[in-house]
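The values are calculated or read from the model by the stated rules, or taken from the named source; none is laboratory data. Since this is a predicted model, take the numbers as computed values, not measurements. Ideal geometry is used to build each Cβ from the backbone, glycine not excepted, and the neighbour counts take in all protein chains shown. Only protein heavy atoms, including side chains, enter the accessible area calculation; ligands, DNA and RNA are left aside. Shrake-Rupley method; radii C 1.70, N 1.55, O 1.52, S 1.80 Å.
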Amino acid sequence: IYHLAAILSTKAEKDPFQAHQVNVEGFINLVKTAMIYTDYIKFFFPSSIAVYYLNDKNIPPFREDLYCNPNNIYGCNKLYCEKLGVYFSQFSKESNKFDFRSIRFSGIISATTLPTGGTSDYASEIIHSAIQNKNYSCFVNKNSKIPFMAMPDAIDSIIKIMTTERKNLTQSIYHIKAFNPSVKEIYAKIKNKFPQFKLTYNINKDRQRLVDSWPSDIDDSKARKDWGWSPIYDFD
Ligand code: SER
């Protein structure tokens, strides 16, 4: 099972009860169905850097087990589902039936699709606006910085973690990143290709609060070592 459906972080803040219903109850319904109707199932769950809460953006890159105190409902939902996945795959009576694997994604940038309802959406929106000869009003400030990756690498990471032998996975949950530019670095990069493109700012304080509490960098060495995470697409 690849359980990708979720309400993303910005939209989740607008109706936390609906977010819980979709993000947590949707997850547990699938887990329960899998446990009832299969003898053995591999279950992939995309988690998020929204599980982290940092009060200092300069904290050096860290491993998966630190700073897991989310300040947003989407992060709470993701962290709790991770915990349920670990419980059912390691501690429950039927743990041998359930093989749970999860990646905490950062922002994912697609060449073809715009995300909706997320907080990392600004990077995709900047790029897609420039390509369509539109200017862009950014909802977070120029120093905002979180990790990103390109969609083909995100897909490849899911295939890689799901096809790795279980004995090689030293943990069930991994975070990964490919590059981590600030908004002003994205703007400068885009300007090289689209000199007419203009970026202005109209800060949304709720979305800024989330981005400010997420890490600007992470240490993804565990994913690189255990299942060969190695992104093809860099910032260029
Ligand atoms: N990209 C997601 C969001 O912005 C976080 O995982 O909601």
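Out of the stretch 200-234, which residues are of a type in the set (A, V, I, L, M, F, W, C) and part of a loop (DSSP other than H, G, I, E, B)? Of everything in the stretch 200-234, those that are of a type in the set (A, V, I, L, M, F, W, C) and part of a loop (DSSP other than H, G, I, E, B) turn out to be Ile203, Trp214, Ile218, Trp229, Ile232. State which residue is nearest to Asn143 (Cα to Cα) when the search covers only the stretch 170-226 and only residues that are buried (at least 22 other Cβ atoms within 10 Å of the Cβ) and of a type in the set (Phe, Trp, Tyr). Restricting to residues being buried (at least 22 other Cβ atoms within 10 Å of the Cβ) and of a type in the set (Phe, Trp, Tyr), the top hit is Trp214. Of the strands (runs of 3 or more DSSP E) lying entirely inside the stretch 66-169, those containing at least 1 residues that are open to solvent by less than 70 Å² (accessible area, probe 1.4 Å) and away from the ligand (no atom under 16 Å from the Cβ) are 98-105, 136-138. Quick check on the stretch 35-64: of everything there that is in a helix (DSSP H, G or I) and in contact with a helix residue (DSSP H, G or I) (Cβ under 8 Å, 6 or more places away or on another chain), which residue is nearest to the ligand (Cβ to nearest atom)? In this case the residue turns out to be Ala50.
Residues of the stretch 15-32 that are over 19 Å from the mean Cα position of the chain (by Cα) and in a helix (DSSP H, G or I): Phe17, Gln18, Gln21, Glu25, Ile28, Asn29, Leu30, Val31, Lys32. Within the stretch 1-23, residues that are more than 15 Å from the ligand (Cβ to nearest atom) and open to solvent by 80 Å² or more (accessible area, probe 1.4 Å) sit with their Cβ atoms under 6 Å from residues that are hydrophobic (A, V, I, L, M, F, W, C) and at pLDDT 95 or above, at 6+ positions apart or across chains, in these pairs: Tyr2/Phe44. The residues of the stretch 190-216 that are touching a strand residue (DSSP E or B) at 6+ places or on another chain (Cβ under 7 Å) and not hydrophobic (A, V, I, L, M, F, W, C), listed by number, are Thr200, Tyr201, Asn202, Ser216. Scanning the stretch 205-236 for residues that are within 14 Å of the chain's Cα centre (by Cα) and among the hydrophobic types (A, V, I, L, M, F, W, C) yields Leu210, Val211, Trp214, Ile218.
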